[in-house]
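The values are calculated or read from the model by the stated rules, or taken from the named source; none is laboratory data. Not measured: the values here are computed from a predicted model. Neighbour counts are summed over all protein chains in view; Cβ atoms, including those assigned to glycine, are modelled from backbone coordinates with ideal geometry.
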Amino acid sequence: MMECCIYRALVVCIAFVVSASATQHTVGGSQGWDVSTDLSSWASAQKIEVGDQLVFKYTTGLHSVVELASESAYKNCDVGSVLDSKNSGNDVVKLNKAGTRYFACGTPGHCQQGMKLKITAAASGSSQASPASSTSSSSGSTTPGASASAAAGVSHVTALLVTTMVVCVLVVYY
């Protein structure tokens, strides 16, 4: 009986650690998903990892979120070529794998006004900053602040995970 309780406690602790490592990113920050938001600047300041979630908050009926099928569709604002469409005003997109994804507002003209997002999810634990802006540098250089911020984020997450695991082990065995 005691052995069963120990295994259950370990499973709960592991689930807690896994959920603690994911981050929710409200697209556009406090301004949300809107034509007036500088989404390119917002995206370039984010460190996005696999397992994180994008939260699109906007006025229903005025905006929507469509996931575009390709970079070409993103660049040309081809909102007729979509993988998914959302319109609740509080949409959550989980980033399940590493790579780049493309989003735009489905309202006619909004994508052309800059209401689009290119986001790259890095593998979990990667110290690489996400090249999430709508433009990229061919030189491959990054700003020192972005690199330091990315490294600090990884260190913080690693410390949180290690501390949580130690506490769980202590609770289970003592």
How many of the residues in the stretch 36-53 are closer than 13 Å to CYS105 by Cα and surrounded by fewer than 17 Cβ atoms within 10 Å (Cβ to Cβ)? 1
May I ask you to say which residue of VAL166, VAL162, VAL171, VAL154 is surrounded by 12 or more Cβ atoms within 10 Å (Cβ to Cβ), among the hydrophobic types (A, V, I, L, M, F, W, C) and modelled with pLDDT of 55 or more? VAL171
Tell me the residue from SER81, SER70, SER88 that is hydroxyl-bearing (Ser, Thr, Tyr), modelled with pLDDT of 95 or more and more than 23 Å from GLN46 (Cα to Cα), please. SER88
Could you count how many residues in the stretch 25-35 are among the hydroxyl-bearing types (Ser, Thr, Tyr) and surrounded by 14 or more Cβ atoms within 10 Å (Cβ to Cβ)? 1
Out of the residues in the stretch 54-112 that are under 17 Å from the mean Cα position of the chain (by Cα) and among the acidic types (Asp, Glu), state the one that is surrounded by the fewest Cβ atoms within 10 Å (Cβ to Cβ). ASP84
